[in-house]
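Accompanying notes for the structure given below.
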Amino acid sequence: ETGARPVDIHSPTGQLRTSDPDFEIRKKSGYLTKRGDNVKNWKSRWFVIQKHWLRYYVSNEATNPRGVIDLSKALDCNEDDSFSNGFTITVRKRIYYIQAATPEDRKAWVEMICWKLVS
């Protein structure tokens, strides 16, 4: 995993937890660029996917997430070629626009997220 590092586990509220038996199964973390919902600017965020939660943080040092996407409620995840190395995650009331650094990184994130949508 490019840019991945071991991370602490966070509960859905963002509080740190120190143990979770499923944490090591199918996890991924790394920097991605996300387009804002209200102000449509792009910002680099540290993303952590664990179980069906996709959390994003200001940096890999942050402990409180800026946002949480519940992948169990996501409708779709697709590559989006309208922007470089882009992909989207569709939930009921929002589409998240996310950009990876490389085509390989995008493919790895989309595969992981799609796996979470069907598991």
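Identify the trypsin sites (Lys or Arg not before Pro) of the range 60-116 meeting these criteria: DSSP loop state and at most 12 other C-beta atoms within 10 Å of the C-beta.
Within the range 60-116, the qualifying trypsin sites (Lys or Arg not before Pro) (loop, at most 12 other Cβ atoms within 10 Å) are ARG92, LYS93.
With a cut-off of 18 Å, note down the residues of the range 90-119 whose backbone N falls inside the zone around a label point 7 Å from the Cα of LEU75 toward its beta carbon.
From the range 90-119, the list is 90-98, 114, 117-118.
Rounded to the nearest 10 Å², what accessible area does THR102 have for a 1.4 Å probe in the complete protein model?
Approximately 50 Å² for this residue.
Past 18 Å, Cα to Cα, is the threshold; run LYS73/LYS116; LYS40/LYS116; LYS43/LYS93; LYS27/LYS51; LYS27/LYS107 against it and keep the listed order.
LYS40/LYS116; LYS43/LYS93
The values are calculated or read from the model by the stated rules, or taken from the named source; none is laboratory data. Source: prediction; values computed, not measured. For neighbour counting, all protein chains shown are included, and Cβ atoms are generated from backbone atoms with ideal geometry for every residue, glycine included. Keep in mind that these areas ignore ligands, DNA and RNA; they rest on the heavy atoms of the full protein, side chains included. Shrake-Rupley method; radii C 1.70, N 1.55, O 1.52, S 1.80 Å.
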